[in-house]
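Computed from the coordinates by the stated procedures, all read-outs in this text should not be read as laboratory data. Values in this document were obtained by computation on a predicted structure and should not be read as measured data. Neighbour counts run over all protein chains shown; Cβ positions are idealised from the backbone, glycine included.
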Amino acid sequence: MGGLYYQSEASHIVDYGLWRLEGSAEYFRGPAMVLSPGRYVSYVGAAQTFGTFCRHPFPDLVTERVGGAAANLGIGGAGPDRFLRDARLLEVINGGRVAVVQVMSGRSTPNRLYENLDGTSSLRLRADPKGPWRWAEGVWEEIFRTLPHAEIEGLLADSRANWLASMTQLLSTITVPKILLWISTRTPSHAFTMESWQHALGPFPHLVDETLMAGIRPLADRYVEVVTRRGLPQRLHDRFTGEWTAVNRLDHQGVRTNNGYPSPEAHVDVAEALTPVLRELLSA
């Protein structure tokens, strides 16, 4: 779910200023930057880094504070495998001065029953290699509706283990100094339950708990944790008329509030937490 998707559903709310990175098929959040080797900070992550429904995402706000240039590589629905499978993106990340790596979701990580589509938010049954790719949340809803409790627990354990392996590989592959960034409405110590698929996945970053975080935190030079609900729910307004509006999404017609992505106020919170840590690394 790249930038073109977000632009098509919300161009009347935010102009994302999309640009296409040379050598990549992906459209990224603008403005386009001249990425001189060793002179920019790359921001690696999902929709939270991209800045869905936000005019000024935290990579822009941090750049205003510390100077220099930024490469916002946020891709909606991305997991760590999205970056591991793209040599061009890894080249850009390692060509910068510092990388800020968001803790990404584990909901679409593969497991023993389902394979993943190139690190995106889609899953497909391994037993049906010509079958359709499906949105991960719909897959988990079906899993909880049709499979026995013990098998569901096994699939959750699979996905967590594979997420840990992928995030470990991504952080190890990034050779420049890196900041691991947690953005969520919850802490890593959140208590997951098997009450429903929603409770089992938990709020973003889905499936990720403090045990998994303990496995990857030592791989980063710094760790920044931002837990905030400030600005949520966010009412969506037409940027041309100022009127309350809805997203242009076939499966979510009538949605007029943002309840899941970081609000503009939350992006300010992230920028304030990240700025002094990034300054420290840049000065070193």
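Some points to look at:
- Estimated FRET transfer efficiency when R0 is 30 angstrom, pair Met194-Glu265 (beta carbons, to 0.05): 0.35
- At q = 0.18 Å⁻¹, base-10 log of I(q)/I(0) for segment 40-178 (Debye sum, equal scatterers on each alpha carbon): -0.99
- Length added when fully stretched, Ala127-Arg112, from 0.36 nm per residue minus Cα-Cα: 4.4 nm
- Dividing the summed -39500 (n - 2.57) terms of all DSSP H runs of n ≥ 4 by the residue count of the chain sets its mean residue ellipticity at 222 nm at -11000 deg cm²/dmol.
- Database remark: amide H of Arg39 closer than 5 angstrom to the amide H of Arg97 (H placed geometrically; neighbours at sequence offset of 5 or more, or on other chains; Pro and chain starts carry no H).
- DSSP beta bridges in segment 3-283 [antiparallel fraction, %, rounded to 5]: 35
- Against the empirical curve 2.2 N^0.38 Å, the C-alpha radius of gyration of segment 54-98 lands at a ratio of 1.29.
- Entry note, segment 3-283: relative contact order of 20 percent, from Cα contacts under 8 Å with a spacing of 6+ residues.
- Computed from label points 7 Å out along Cα-Cβ, the spacing between Gln169 and Glu153 is 2.8 nm.
- In order through segment 206-217: 3J(HN,Hα) via Karplus (6.51 cos²θ - 1.76 cosθ + 1.60), integer Hz, x for Gly, Pro: 3, 6, 8, 10, 5, 5, 5, 5, 5, x, 10, 4
- Computed from the C-beta positions of Asp15 and Arg39, the FRET efficiency with R₀ = 25 Å rounds to 0.45.
- Estimated FRET transfer efficiency when R0 is 30 angstrom, pair Glu280-Arg230 (beta carbons, to 0.05): 0.75
- Distance from the alpha carbon centroid of segment 215-284 to that of segment 92-120 works out to 19 angstrom.
- For the pair Ala87 and Arg186 in one chain, pulling the backbone fully straight at 0.36 nm per residue adds 32.4 nm over the alpha carbon distance.
- Segment 109-145: GluC sites (Glu not before Pro) in DSSP coil with no more than 11 other Cβ atoms inside 10 Å: none
- Shown for the chain are the DSSP H helices of 24 Å or more along their axis, judged by Cα atoms, with a mean Kyte-Doolittle hydropathy of at least -1.0: 149-173, 264-283.
- Placing +1 on the Cβ of every Lys and Arg and -1 on the Cβ of every Asp and Glu, with nothing else charged, gives the chain a dipole about its Cα centre of roughly 340 debye.
- Calculated on the alpha-carbon coordinates, the convex hull of segment 165-284 measures out at 161 cubic angstrom per residue.
- Percent breakdown of C-alpha pair distances by 10 Å bin, ordered from the shortest bin, for segment 3-283: 6, 29, 36, 23, 5, 0
- Taking other Cβ atoms within 10 Å as a rough exposure proxy, Met167, Met33, Met104 sort from fewest to most as Met33, Met167, Met104.
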